[in-house]
Structure formats: structure tokens, C-alpha cells
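Reviewing the structure listed below.
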Amino acid sequence: MTFLVTGGAGYIGSHAVRRLLAEGETVVALDNLSVGHLEAIEALKTIADGRLSFVKADIGDREQVRATLRDHKIDSIMHFAALAQVGESVEQPLRYYRNNTASALTLIEEALEAGVSRFIFSSTCATYGEPTPEFIPIPESCPQAPINPYGMSKLHVEHMLRDACAAAAKEGRDFGFAALRYFNVAGSDPDGLIGEDHDPETHLIPVIIQAALGQRDAITIFGEDYPTPDGTCIRDYVHVDDLIDAHVAVMRYLKPGQSRAYNLGIGNGYSVREVIESVRRVSGKDFEVRKGDRRPGDPPELFANPAKIKAELGWSAKYTNLDEAVATAWHWFSEHPNGYAS
Ligand SMILES: NC(=O)c1ccc[n+]([C@@H]2O[C@H](COP(=O)([O-])OP(=O)(O)OC[C@H]3O[C@@H](n4cnc5c(N)ncnc54)[C@H](O)[C@@H]3O)[C@@H](O)[C@H]2O)c1
């Protein structure tokens, strides 16, 4: 079976490529390198025994996508390629709808045309917007009401896939899909072959690590007056290796004609202050922490109820201790303080 991994040069996609190679699969990574890193692909080629190909292409480029699916006889797709910065999506909404929604439509059309049978889509807890308290921890049944274009650009893709899957099933075609709604993805592969490198970096753990490495003057906490035990926001940090475990489990379980959605989180939240203390413990470094104002659209608590995927597939996160997840991130960042070379 040959897998197509879109966004394979990015943070999570490169970890998926690594896992599929380790499972003995053949992989085609497709990425337009708008954000991703060719160095990640080069590092992965060192462990691939010739089973990894790279295609520099945009998912919206119909001809290149069609040729890739045909030439490599792709059976299954893990679709990670997207722009993923909430703030940027508010400033440039149409760029997000073009890249994340319209280009995904081209990919889905070509996948169906090529006879792809399984499609796993990187969705996000941002599709839930600001859940009311009765939906914390968040189950899949929580109403999906995104509050920013990023979340909406992803929700549209869930809807397209669900409807396309239903229509394909009626025609007796083999097509199944799963939307995996990630919470905050963290850490990197423990041996440090690949890691996380976003520019600008907006994820909390890397930002705190940059402060620990002296690359930032200080870390700012946006709001300390939330109704949480220490007043700072609480989020669910799921380790990238656990996340990819879930992708592989879903891929193997998914039957043609099925349309599924699962939350991927550890089922527990850590506050911003707890994450800061964890980075201090793991790195042994101290750094300045400043008080900032609340940011609009930051709910006090967001964490998953992952009971559904546990009951149906037996998946649950192995990294439930925050320090262990942070240690893998610290390992990568301390060895690659400037990230990838380009
Ligand atoms: N990191 C998180 O915490 C998180 C949380 C929820 C959901 N997600 C989703 O997971 C996926 C991967 O996130 P990530 O953190 O690895 O992001 P990333 O930016 O590191 O990787 C995305 C990759 O997609 C590529 N890409 C973007 N648009 C493309 C296009 N049109 N054609 C081809 N390649 C394109 C980029 O070059 C990049 O390599 C995204 O879909 C994101 O929305 C991430």
C-alpha cells in the first residue's frame, strides 16, 4: 500500500511519514514548502530504504495531484497540508479558504477520481469554537461553531468529505474518511531526527522554550483572571507520537463507506502557568514571565473528551505526563536552536 502524506514536510506530517516508514509502508510526501522544510524530508530519506518520494506541489494543482496519485498508485491519503495560524486567518480569511478549503476540494475530487479508498483529514478543536461549560471536556457531539476563518476553513472540509463519502457509498464505491480533531499538538520524536519549526512560532511550548533558550526576552501570559485554579487558560497537549498512533489505528480500522470523527487529546488540561513551570523543570533554565491582557476569543478551558476513540479503537495517549512531552520538545529545540536550516 502506498500512502500520500500531504504537508509531509511540516511538523505533524513529517512525524506521520516517519511512522509509516517505520511500519514498512511506502510513502509519497507532497508539500508546496510554503511553510514546511525540505530538510525534514532529507532527514527522513536517511531511514527510508528508498521507500520515500517527495513531490513539491500544491494540493490545489490539479495536474500535479492527478499525476502523483496515478504514478504512485496511491491507495490512502493522510491530509495535513494547511495554513494553521488563527490570527493570520482573521487577517487573511480568503487566503485560508483558498488554501485550506478550495485546494482541499481539488485534492478530494482527484482522490475520488483516482480510486483512493481511505482519507484521513487533520481537523481541529478550533471547529468547536467556544463550547459552553456543559461540553467541557469536549466530546465529538459538541456543536461545531468555529469563531475564526481557520476553524471554518477546516469545518468546510469535514462537510465536503462527509457528503462525498455518503454519495460514494450510494454508488457502491470504496471510500472511507475520518476527521481527526486535534487539540494542542506538542513534542517531537524522542531521538530528534525531526522536530517542530514554525516561523513565526505561535504554539505555547515552543514559545516558552525559546524564552528558556534566551531567544525571547520573556514569555507573556495573556490573562491571569480566568475562572481556572491559577487564573490562566487551560489546554490539552497531545504528544505528536500519540497523535500519529491514532492516525495509524484509524487508518487500519476504517472501512470503505465509513465516515468518522474523533477528538485527539489526552483528556486533561494544563494551565499556561503549569506549562511554564514544566519548561523550567525540564530545561533547568529560568526566564522572565510578564503579565499581558486577555486575547479575544481565548476560552478559559479547552480539553478533549477522548472516550469515543478509546472505546472504538482502544487508543489513548501514552504521554500523559506533561514533563515527558516537554522533554522531547526540549531535546529537539536545544539541539536545533535555529530549527531547520531553511
Ligand atoms: N500543530 C497543532 O497543534 C495543530 C492543531 C490542530 C490541527 N492541526 C492541523 O494539523 C495539520 C498540520 O499542522 P502542522 O502544525 O504540522 O503545520 P505545519 O505548518 O508545520 O505543516 C503544514 C504543511 O503543509 C504545507 N502546505 C500548506 N499548504 C499547502 C498546500 N496548499 N499544498 C501543499 N502543501 C501545503 C506547508 O508547507 C507545511 O509543510 C494542519 O492541517 C493543521 O491545521 C495542527
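Residue-wise test of (1) within 14 Å of the ligand (Cβ to nearest atom); (2) under 21 Å from VAL185 (Cα atoms).
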{"residue": "GLU23", "(1), (2)": "no, no"}
{"residue": "HIS37", "(1), (2)": "yes, yes"}
{"residue": "ILE47", "(1), (2)": "no, no"}
{"residue": "GLY60", "(1), (2)": "yes, no"}
{"residue": "THR68", "(1), (2)": "yes, no"}
{"residue": "HIS72", "(1), (2)": "no, no"}
{"residue": "ILE77", "(1), (2)": "yes, yes"}
{"residue": "SER89", "(1), (2)": "yes, yes"}
Report the residue count in the stretch 188-209 for those that are away from the ligand (no atom under 16 Å from the Cβ) and over 18 Å from the mean Cα position of the chain (by Cα). 2
Find all pairs meeting these conditions: Cβ atoms under 8 angstrom apart; at least six residues apart or on different chains; first residue within the stretch 122-143 and in the same structural domain as ALA307 (by TED's automatic domain parsing); second residue away from the ligand (no atom under 16 Å from the Cβ) and at pLDDT 95 or above. none
Just for helices (runs of 4 or more DSSP H) wholly inside the stretch 149-258: which have at least 1 residues that are on the phi > 0 side of the Ramachandran plot? none
Checking VAL55 against (1) closer than 23 Å to GLY176 by Cβ; (2) in contact with a Ser or Thr (Cβ under 7 Å, 6 or more places away or on another chain), which test does it fail? (1)
Residue match in the stretch 259-273 (condition: more than 23 Å from PHE175 (Cβ to Cβ), modelled with pLDDT of 95 or more and charged (D, E, K, R)): yes
Restricting the stretch 110-133 to residues that are outside any loop (DSSP other than H, G, I, E, B), at pLDDT 95 or above and away from the ligand (no atom under 15 Å from the Cβ), the one surrounded by the most Cβ atoms within 10 Å (Cβ to Cβ) turns out to be ARG118
Given the conditions (1) under 20 Å from the mean Cα position of the chain (by Cα); (2) in contact (Cβ under 8 Å) with a residue 12 or more places away in the chain; (3) part of a helix (DSSP H, G or I); (4) over 21 Å from GLN210 (Cβ atoms), which single one is not true for VAL275? (4)
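The values are calculated or read from the model by the stated rules, or taken from the named source; none is laboratory data. Since this is a predicted model, take the numbers as computed values, not measurements. Positions of Cβ are backbone-derived with ideal geometry, glycine not excepted, and every protein chain shown enters the neighbour counts.
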